[in-house]
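The values are calculated or read from the model by the stated rules, or taken from the named source; none is laboratory data. Model, not experiment: these values are computed from the prediction. All Cβ positions, even for glycine, are placed from backbone atoms using ideal geometry, and neighbour counts span all protein chains on display.
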Amino acid sequence: MSDAAAMPAKPFQGLRTWWTMLRICLEERLVYRGDFALGTLMRFLPIVTQVFLWTAVFAATSRSDIAGYSRNDIVAYYLLTMLTRAFSSMPGLATGIARSVRDGSVKKFLIQPVDYVGFLLAARVAHKLVYYAVAAIPFALVFFLCRGYFPPPPDAVTIAAFLLSLVLSFLLGFFMEAALGMLGFWFMEVSSIVFGYMLVQYLLSGHMFPIDLLRTVPTGVAGVSLADVVHWLPFEYTAYFSSAVWLGKVQGRDLVAALAIEAGWVVVMAVACRIAWWRGTRRYSAFGG
Amino acid sequence: MHNTDPAAEPTPDDTVIHVARLAKEYRVFDKPEGLAASIRGLFHRTSRVVEAVKGVDLDVGRGEFVALLGPNGAGKTTLLKLLSGIITPTRGTATVLGHVPWERADDFRRRFALVMGQRNQLWWDLPAAESFRLHQEIYRIEPARFEKTRDELVDMLDVRRLILQPVRELSLGERMKLELVAALLHEPEVLFLDEPTIGLDVVAQHTIHEFLRDVQRRRRMTVMLTTHYMKDVAALCERVVVITRGDVLYDGSLAEIVDRFTSHKIVTLDFDEAPDRERIERFGFPCDFRGPQVILRIDRSRIADALPVILGSEGVRDVSVEDVPLEEIVAELFRADSRQAAAGASS
């Protein structure tokens, strides 16, 4: 019966399914466009406090730069970081996954021939596309008004590296938070774990301050600075890195190496996410359901 | 048919569901009352093993419509979850359409469907038509075939005007109908229904009965249904499997369950006016007086002798003889079983 109904797997079948999921997720997100518009505007508020804070810091010191950042650099850095985080931040992803485990709606993905991680990715891409559509104008306006803070635009290769780093930061943010959400298979409530993650993330991603400030802090092991350690961790690639690329703080071989580290973390997190899903569903099948 | 588990016994071609000694145990943690106990619980938790399903054997052939009955917590839903691959068993084997369900092969998942009464597969904020479209993709249904099947199902349930409306704006009954359409789009060979009519009004229940019966016959689909409504069973199922405490208590035809588990018939007498109690009680049967109506429970072996006598009594306007309602039989079955369990536990 259904043998006749089911089409044989055609090439690009997976892509087509994914496209349909994306389209439907887009439609769903558009239902909430009003909420989105408001959320976008709210994002600009914290940056104002940061600008005031750093203005005060620079006023109190006679130095014209701190860890290689002038006052203008700092403002440009925060604006760029906001842009990067528009790619890498995944509001509600981890808690959403954990909730689907708790309330049982994850079952649907055990019964239907559809991949949960792929589905979540489609949903998140849709989420982001709608967000960019809504946020493009306010973002453009703010960047235009603050254009005086920015150095002249970098060369084409740097811009390409910047764009690549943004795409990778999206994937990294996605897989990291999705893997975190899969912990919901082991713990009933993941919100405190997510909170801890957010805290570390805020500190080590460069969201709070440029990672270069950590250069001055040695770890106590062979005089290695904390910034070097952070460089090998995934966090800074979700905020600091793209901004630093645009501002010309990372260049040449360092840039290539850093992009490779970022891509490496994307792979590691994607695999971790897969393993967590696989083991998690096995556990769910054995103990819960 | 291809058997993916060498441990499972070979099944004849028309056996669609084969279950052998299937068991599922859960470990549950006891949470004693009180703060002190909660604090102790941080260091040491006491747990016990609950056998939700213990050694069930069952074979279901192609095209059968089987009702799974049992009190709450009897293991019906656990059994459906095992057969749809959501959970893995502790012991035993099962194959559905030749596949071991909990291996969750895509080939298997494209050939069955599970509908749970209280759970939503449709997208809440979007019209059902969009969810249908997604199903077309994930189940790889040919476009022409998809449209034909969709239109057919939608018309049978008379819900065409609803499919373009966001699901959240629909009533429970309307949603359930659309859930069924979504589940049947890929023409599953096996359908599991977990309390599909829960919370629905009589009209919606009836529509869904007709629909299910129709689709099931047309497609020769194998259906397993859990329910607490005997109307569902009477309308749809020829075969009934009663499960209590994780075990099959009865497996047979609906007609036989009435035969085997009832010793009497219900005779309802209508009088012109409320009759004299003593006169009726003299017949020697348990009776229930409701104004001008009297309900007697008469042993089946005695009904042929008793009826003429009763009918001959003065003032009888109307009489009806019925089997004990299915609800009552099943309730009695459940009760007898729990009494037996209690006796077993105390001895």
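Numbers at a glance
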{"quantity": "All helices (runs of 4 or more DSSP H) inside segment B:91-187 with 2 or more residues being at the interface with chain A (Cβ under 9 Å from one of its Cβ atoms) and either touching a residue at least 40 places away in the same chain (Cβ under 8 Å) or of a type outside the set (Gly, Ala, Ser) (or both)", "calculated": "B:106-109, B:128-138, B:143-156"}
{"quantity": "From the options A:119, A:144, residue that is part of a helix (DSSP H, G or I), within 14 Å of chain B (Cβ to nearest Cβ), over 17 Å from the mean Cα position of the chain (by Cα) and aromatic (Phe, Trp, Tyr)", "calculated": "A:119"}
{"quantity": "Test set (1) in a strand (DSSP E or B); (2) closer than 20 Å to residue B:302 by Cα; (3) out of contact with any Asp or Glu (no Cβ under 8 Å at 6 or more places or on another chain) - residue B:268 fails condition number", "calculated": "(3)"}
{"quantity": "Residue satisfying all of: in segment B:206-246; acidic (Asp, Glu) and free of Cβ contacts under 8 Å to residues at least 60 places away in the same chain; nearest to residue B:186 (Cα to Cα) among these", "calculated": "B:214"}
{"quantity": "Qualifying residue in segment B:283-306 (condition: within 30 Å of residue B:244 (Cβ to Cβ), out of contact with any strand residue (DSSP E or B) (no Cβ under 7 Å at 6 or more places or on another chain), outside the structural domain of residue B:68 (by TED's automatic domain parsing) and at pLDDT 85 or above)", "calculated": "yes"}
{"quantity": "Those residues of segment B:44-73 which are more than 14 Å from chain A (Cβ to nearest Cβ) and surrounded by 23 or more Cβ atoms within 10 Å (Cβ to Cβ), in sequence order", "calculated": "B:56, B:67, B:68, B:69, B:70"}
{"quantity": "Scope segment A:90-108; condition in a helix (DSSP H, G or I), charged (D, E, K, R) and over 25 Å from residue A:130 (Cα atoms); matching residues", "calculated": "A:102, A:107, A:108"}
{"quantity": "Selection within segment B:258-282 - at pLDDT 85 or above and among the β-branched types (Val, Ile, Thr)", "calculated": "B:266, B:267, B:268"}
{"quantity": "Filter pass, residue B:310 being within 31 Å of the chain's Cα centre (by Cα) and of a type in the set (A, V, I, L, M)", "calculated": "no"}
{"quantity": "Answer residue from segment B:193-252, given it is part of a helix (DSSP H, G or I) and among the basic types (Lys, Arg) and is nearest to the other protein chains (Cβ to nearest Cβ) among those", "calculated": "B:219"}
{"quantity": "Scope segment B:300-323; condition exposed (fewer than 12 other Cβ atoms within 10 Å of the Cβ), closer than 13 Å to residue B:264 by Cα and either touching a residue at least 60 places away in the same chain (Cβ under 8 Å) or not small (Gly, Ala, Ser) (or both); matching residues", "calculated": "B:322"}
{"quantity": "Hits in segment B:116-152 (condition: at pLDDT 90 or above, closer than 28 Å to residue B:79 by Cα and among the small types (Gly, Ala, Ser))", "calculated": "B:131"}
{"quantity": "Options B:76, B:81; residue that is without any contact (Cβ under 8 Å) to a residue 60 or more places away in the chain and either in contact with a Ser or Thr (Cβ under 8 Å, 6 or more places away or on another chain) or at the interface with chain A (Cβ under 10 Å from one of its Cβ atoms) (or both)", "calculated": "B:81"}
{"quantity": "Elements of type helices (runs of 4 or more DSSP H) contained in segment A:13-89, each with 3 or more residues being farther than 27 Å from residue A:135 by Cα, within 14 Å of chain B (Cβ to nearest Cβ) and of a type in the set (Val, Ile, Thr)", "calculated": "none"}
